[in-house]
1. So, in the range 122-149, exactly how many residues are under 16 Å from the mean Cα position of the chain (by Cα), at pLDDT 90 or above and part of a helix (DSSP H, G or I)?
2. Scan the range 84-98 for residues that are in a loop (DSSP other than H, G, I, E, B), surrounded by 14 or more Cβ atoms within 10 Å (Cβ to Cβ), free of Cβ contacts under 8 Å to residues at least 60 places away in the same chain and not charged (D, E, K, R) and jot them down.
3. Where the second residue is in a helix (DSSP H, G or I) and the first is touching a residue at least 40 places away in the same chain (Cβ under 8 Å) and lies in the range 63-83, which pairs have Cβ atoms under 7 Å and are six or more apart or on separate chains?
4. Can you tell me how many residues within the range 99-117 are in a strand (DSSP E or B), closer than 11 Å to LEU6 by Cβ and touching a Phe, Trp or Tyr at 6+ places or on another chain (Cβ under 8 Å)?
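The values are calculated or read from the model by the stated rules, or taken from the named source; none is laboratory data. Just so it is clear, the structure is predicted and the values come from calculations on it, not from any experiment. Every residue, glycine as well, gets a Cβ built from its backbone with ideal geometry; the counts of neighbours run over all protein chains shown.
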Amino acid sequence: MKTLYLMRHAKSSWSDPALTDRERPLNPRGLRNAPEMGRRLAERGPLPQRVVSSPARRARDTARAVLEAAGVDTTLIEIDERLYFDGVGGWQSVVEACDEAVDCLLVVGHNPDFSHFVRELSGSLPVGGRVDLPTASLARFELTGHWSRLQSSRIQRIELDWPKKRQTVKPVG
């Protein structure tokens with residue numbers, strides 16, 4: 001069984017217009033929510049063995065805060081350009097490139113690609129009528145199969161969690 005965590009970065013700040021999009025930090029809410037999601041991840045387990053983040057500061061800071069709160073070594077964080085608005089294909093290629101020896105992977109990036117990828121993997125997952133999942137959302141997929149053949153893997157369980165709400169969905173069949 002493999003566990004795939006997909007995460008949208010926590011809420012970012014727009015307070016400094018001089019910063020580029022890649023440089024925007026987390027705002028106070030994001031600084032609270034990211035560690036909270038890390039604690040929730042640690043409660044349920046398993047803990048990630050590999051972590052891949054978008055190069056944007058808000059995504060890197062989210063990954064770091066989640067890992068610190070979960071008690072996971074932050075040196076696991078790898079940066080991958082494909083997670084910076086490269087579409088669903090970027091997310092999929094990051095997951096499919098994962099070493100098969102890794103049983104638990106965490107990927108942190110941005111919307112709309114995050115929400116689209118979660119929906120694609122889940123088969124149009126209902127999320128209370130929302131088109132986009134909120135900031136700091138964490139999707140957990142338990143699957144059998146291989147990272148390199150993600151689309152043909154069988155999803156056993158899906159959990160969605162975000163700071164204000166939890167929703168669990170079990171696929172049929």
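1. Total meeting the criteria: 1.
2. First, the residues of the range 84-98 that are in a loop (DSSP other than H, G, I, E, B): 84-86, 97-98.
If we keep only those that are surrounded by 14 or more Cβ atoms within 10 Å (Cβ to Cβ) too, we end up with 84-86, 98.
Pick out the ones that are also free of Cβ contacts under 8 Å to residues at least 60 places away in the same chain and you get 85-86, 98.
Passing the criteria: PHE85, CYS98.
3. If the second residue must be in a helix (DSSP H, G or I), the pairs left are ALA65/ALA34; ALA65/PRO35; ALA65/GLY38; VAL66/ALA34; VAL66/MET37; VAL66/GLY38; VAL66/LEU41.
4. 4
Matching residues to (1) at pLDDT 95 or above; (2) within 25 Å of THR144 (Cα to Cα); (3) surrounded by 19 or more Cβ atoms within 10 Å (Cβ to Cβ):
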residue: LYS2; (1), (2), (3): yes, yes, yes
residue: ASP21; (1), (2), (3): yes, no, no
residue: ARG29; (1), (2), (3): yes, no, no
residue: LEU41; (1), (2), (3): yes, yes, yes
residue: ALA59; (1), (2), (3): yes, no, yes
residue: THR62; (1), (2), (3): yes, no, yes
residue: ALA69; (1), (2), (3): yes, no, no
